[in-house]
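The values are calculated or read from the model by the stated rules, or taken from the named source; none is laboratory data. The model shown is predicted, which means the values in this text are computed figures rather than measured ones. Methodologically, a virtual Cβ is constructed for each residue, glycine included, from the backbone with ideal geometry; neighbour enumeration extends over all protein chains shown.
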């Protein structure tokens, strides 16, 4: 009997046939996520990263038991939940076990005094947000994948949402969580509301993509639904002026809920007008009515200082109504030879415009359309989101083109000293570039990995590990 057969038999004895699967359909399904490269593999019937067995956990005890058995058999474990990753995080590079957390669900708990919500890690983020809204609350965490992603996945990939300029990323919203370590031990990490007892250990597992432990339960901040909101669209002279507006408002300490700057190529899509010409800035503010009015007045004044003019609120409201729509990318990927990719990076105010210029120049020969927007703003800089759409002879050629796009984008970003990922994480797409990106800090990651997962069993092949 082979090692994998022995492993499967041991898991079957521990969990029962209803929680494990080795059938080809299940193994194939868990060998892909929504990374366009992986999507093209699936269309071609290729499964280069496939597990030996899938185990569906429905409790933290299940997770602990799987990790203990994995350690006993030296079997790799790759965690996945809803599979919405767009960079290959949940793909099992060395076979072994796929630990499916999509069944790790159940009721959430709202604390209206301390303003938190606690939920199992496999809970769908959109479902949680809808339930909170019905009760007058919100996490105000809103990635485009809100209805396709899990709350545990948000932490594991260090995700952020469309309102991050006001509310921050998941690192700003998480209060605490439970995580199971490689040996099966469960620990709780929290700070209520802040703690200075050594380093903030919550940060260790945020963005670790399941390479250091498995998150099982999450506590997030909640807020009352905003009492008022206002939005506006500005036509700005060019990308440089738009970036200057974004930087200036950050320097003055404003906290708008929405800031999205679209270059002329993506502005046509953002405005839903193929004939539109120009660069546009979407702005939104929310909170108490008096605060909203004051903040919008200052934002409008800053925009005017850099030559912007108002186009009205309707383009922003239309975008808000369709902001979870993935169909443009999905339809292109579902076409023979069609390809679509999204690459998001970040840089400082000093360097972001030069990065934009060089990335566009390098990628334009590789796609029919290169669309760029800037959508998450900080006092020191901003993210840059690149969408590429095109078509080639067949799906094999599309796979090659996607690989070339990643290599080109990462090379330019590394040459500029940019951050290689702003919110999609590393996964397989960025793993080859992780060590150069992190530099000497990668030593810290390697030592953490060795201390917490000495056998290297948790999600191998990611983050340059």
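Taking the criterion of being in contact with a helix residue (DSSP H, G or I) (Cβ under 8 Å, 6 or more places away or on another chain), assigned to a loop (DSSP other than H, G, I, E, B), in contact (Cβ under 8 Å) with a residue 24 or more places away in the chain and farther than 23 Å from residue 86 by Cβ, would at least one residue in segment 152-161 satisfy it? For segment 152-161, residues in contact with a helix residue (DSSP H, G or I) (Cβ under 8 Å, 6 or more places away or on another chain), assigned to a loop (DSSP other than H, G, I, E, B), in contact (Cβ under 8 Å) with a residue 24 or more places away in the chain and farther than 23 Å from residue 86 by Cβ: absent.
Which ones in segment 228-253 are touching a strand residue (DSSP E or B) at 6+ places or on another chain (Cβ under 8 Å) and in a loop (DSSP other than H, G, I, E, B)? Matches in segment 228-253: 237, 238. Can residue 353 be described as modelled with pLDDT of 95 or more and under 30 Å from residue 44 (Cβ atoms)? No, not satisfied.
Annotation note: of 132, 173, 128, 82, the sole residue that is within 25 Å of residue 387 (Cα to Cα) and at pLDDT 95 or above is 82. Residues that are on the phi > 0 side of the Ramachandran plot and in the same structural domain as residue 209 (by TED's automatic domain parsing) number at least 2 in none of the helices (runs of 4 or more DSSP H) confined to segment 412-465. Taking the residues in segment 171-200 that are buried (at least 21 other Cβ atoms within 10 Å of the Cβ) and touching a residue at least 40 places away in the same chain (Cβ under 8 Å) as candidates, determine which candidate is farthest from residue 120 (Cα to Cα). Restricting to residues being buried (at least 21 other Cβ atoms within 10 Å of the Cβ) and touching a residue at least 40 places away in the same chain (Cβ under 8 Å), the top hit is 182.
Counting only residues that are out of contact with any helix residue (DSSP H, G or I) (no Cβ under 7 Å at 6 or more places or on another chain), in contact (Cβ under 8 Å) with a residue 40 or more places away in the chain and farther than 15 Å from residue 388 by Cβ, segment 335-353 holds 1 of them. You will find that of 103, 74, 45, the residue that is under 25 Å from the mean Cα position of the chain (by Cα) and modelled with pLDDT of 95 or more is 103 and no other. Taking segment 373-382 as the range and being part of a strand (DSSP E or B) and crowded, with 22+ Cβ neighbours inside 10 Å as the test, the residues that pass are 373, 374, 377, 381, 382. Residue under question is residue 397, and the condition is that it be in contact with a helix residue (DSSP H, G or I) (Cβ under 9 Å, 6 or more places away or on another chain), assigned to a helix (DSSP H, G or I), over 30 Å from residue 185 (Cβ atoms) and modelled with pLDDT of 95 or more; does it hold? No: the conditions fail for residue 397.
Residue-by-condition table, conditions (1) farther than 23 Å from residue 460 by Cβ; (2) out of contact with any strand residue (DSSP E or B) (no Cβ under 8 Å at 6 or more places or on another chain); (3) in contact (Cβ under 8 Å) with a residue 40 or more places away in the chain; (4) buried (at least 21 other Cβ atoms within 10 Å of the Cβ):
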{"position": "3", "(1), (2), (3), (4)": "no, yes, yes, no"}
{"position": "28", "(1), (2), (3), (4)": "no, yes, no, no"}
{"position": "35", "(1), (2), (3), (4)": "no, yes, yes, yes"}
{"position": "46", "(1), (2), (3), (4)": "no, yes, no, no"}
{"position": "68", "(1), (2), (3), (4)": "no, yes, yes, no"}
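When each of 420, 448, 465 is tested for being surrounded by 14 or more Cβ atoms within 10 Å (Cβ to Cβ), in contact (Cβ under 8 Å) with a residue 40 or more places away in the chain and over 22 Å from the mean Cα position of the chain (by Cα), the lone residue that passes is 448.
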